[in-house]
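All remarks here apply to the structure that follows.
The values are calculated or read from the model by the stated rules, or taken from the named source; none is laboratory data. Quantities reported herein were computed from a predicted structural model and do not represent experimental measurements. Positions of Cβ are generated from backbone atoms using ideal geometry, with glycine treated the same way; all protein chains shown enter the neighbour counts.
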Amino acid sequence: MTSHQNGWAIDASGLHKRFVLHLQGGLALDVLRGASLRVRPGECVALVGPSGAGKSSLMRALYGNYRVDSGAVRIRHDGAMVDIATASPGAILDVRQRSLGYVSQFLRAIPRLSALDVVAGSAVARGMNLEKARRHAAAMLERLRIPSALHALPPVTFSGGEQQRVNLARSFICDWPTLLLDEPTASLDPVSRDCVCTLIAEACARGSAIVAIVHDHALRARIADRTVLLERGATIEESQP
């Protein structure tokens, strides 16, 4: 899966993030303590570590949902590296629209919007015309085992596993240069997990850089070029999956 292209798609270093819990008497909670991560185009890196180690916090810092207190979060965008840690909100939005995809653990969509339009909307936002986007959306939903009879229904009526497959379809319909996956297979059945593994491999083959939080060792062995261990908000070591 590893590409031979030069340069980094993600170059994050020295990340620190502290939350102050004012309702708890000003208790300080350090969720990132010097974390660093580098990922090349075409590479899949799995984040591992115990619960509370900072894996999701690191993902949110990479996406710009968390503004780090110090450190740099450089994401390749239009041939240059944009530091998400210091970029303006408009610049971060531009990176997200064209260079940086993110699959969270939960689907967030307009309640009455159909599954087909939820998925197609992601492609339309990146410049695809609506008719083509809906065709691609239907094919991706079918591939992720959402039958055509459900495409016109809002995902709020779906099971948790079906909602997660819609969530994944919404991201994999686009060729993201960089893609962040927060436990992408947590609520999926074995057949759907196999499909996601294939989609990840195909994306890496096209040159996408992928970071995934994956707890299952066998799954990590299938998709990851490297694993990065986090403990108490710090990156401890890197290894083969």
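Every listed requirement among (1) of a type in the set (Gly, Ala, Ser); (2) under 11 Å from residue 47 (Cα atoms); (3) at pLDDT below 95 is met by residue 187 save one, (2). When you scan region 66-115, how many residues do you find that are aromatic (Phe, Trp, Tyr) and in contact with a Lys or Arg (Cβ under 7 Å, 6 or more places away or on another chain)? Number of matching residues: 1. Output yes when any residue across region 88-99 is aliphatic (A, V, I, L, M), surrounded by 13 or more Cβ atoms within 10 Å (Cβ to Cβ) and touching a residue at least 40 places away in the same chain (Cβ under 8 Å), and no when none is. No, the conditions are met nowhere in region 88-99. In region 37-54, the residue that is farthest from the chain's Cα centre (by Cα) out of those that are buried (at least 21 other Cβ atoms within 10 Å of the Cβ) and on the phi > 0 side of the Ramachandran plot is 49. I'd like the residue in region 196-219 that is more than 15 Å from the chain's Cα centre (by Cα) and in a helix (DSSP H, G or I) and, out of all such residues, is surrounded by the fewest Cβ atoms within 10 Å (Cβ to Cβ). Looking at residues that are more than 15 Å from the chain's Cα centre (by Cα) and in a helix (DSSP H, G or I), I get 218.
Residue 170 passes every criterion in (1) buried (at least 18 other Cβ atoms within 10 Å of the Cβ); (2) at pLDDT 95 or above; (3) among the basic types (Lys, Arg) apart from (2). Note on region 1-55: residues that are at pLDDT 95 or above and hydroxyl-bearing (Ser, Thr, Tyr) amount to 2. Taking first residues from region 59-73 that are without any contact (Cβ under 8 Å) to a residue 60 or more places away in the chain and partners that are part of a loop (DSSP other than H, G, I, E, B) and crowded, with 18+ Cβ neighbours inside 10 Å, the Cβ contacts under 6 Å between residues at least 6 apart in sequence or on separate chains come to 60/66; 61/68; 64/84; 68/85. Among residues of region 103-149 being of a type in the set (Ser, Thr, Tyr) and modelled with pLDDT of 95 or more, the one that is surrounded by the most Cβ atoms within 10 Å (Cβ to Cβ) is 114.
Only a single criterion out of (1) in a loop (DSSP other than H, G, I, E, B); (2) among the hydrophobic types (A, V, I, L, M, F, W, C); (3) touching a Ser or Thr at 6+ places or on another chain (Cβ under 7 Å) is not satisfied by residue 32, namely (1). Among all positions in region 185-195, there is no residue which is within 20 Å of residue 121 (Cβ to Cβ) and either surrounded by fewer than 19 Cβ atoms within 10 Å (Cβ to Cβ) or in contact (Cβ under 8 Å) with a residue 60 or more places away in the chain (or both). Cβ separations smaller than 7 Å between residues 6+ apart or across chains give the following pairs from region 27-48 residues that are free of Cβ contacts under 8 Å to residues at least 60 places away in the same chain to residues that are crowded, with 16+ Cβ neighbours inside 10 Å and hydrophobic (A, V, I, L, M, F, W, C): 38/8; 38/10. Say whether the condition of being at pLDDT 95 or above, crowded, with 24+ Cβ neighbours inside 10 Å and not hydrophobic (A, V, I, L, M, F, W, C) is met by at least one residue in region 155-163. Within region 155-163, not a single residue is at pLDDT 95 or above, crowded, with 24+ Cβ neighbours inside 10 Å and not hydrophobic (A, V, I, L, M, F, W, C).
For region 72-79, does any single residue satisfy the condition of being in a helix (DSSP H, G or I) and under 15 Å from the mean Cα position of the chain (by Cα)? Checked against the condition, which is being in a helix (DSSP H, G or I) and under 15 Å from the mean Cα position of the chain (by Cα), region 72-79 yields no hits at all. The conditions of being crowded, with 22+ Cβ neighbours inside 10 Å and within 16 Å of the chain's Cα centre (by Cα) are not met by residue 230.
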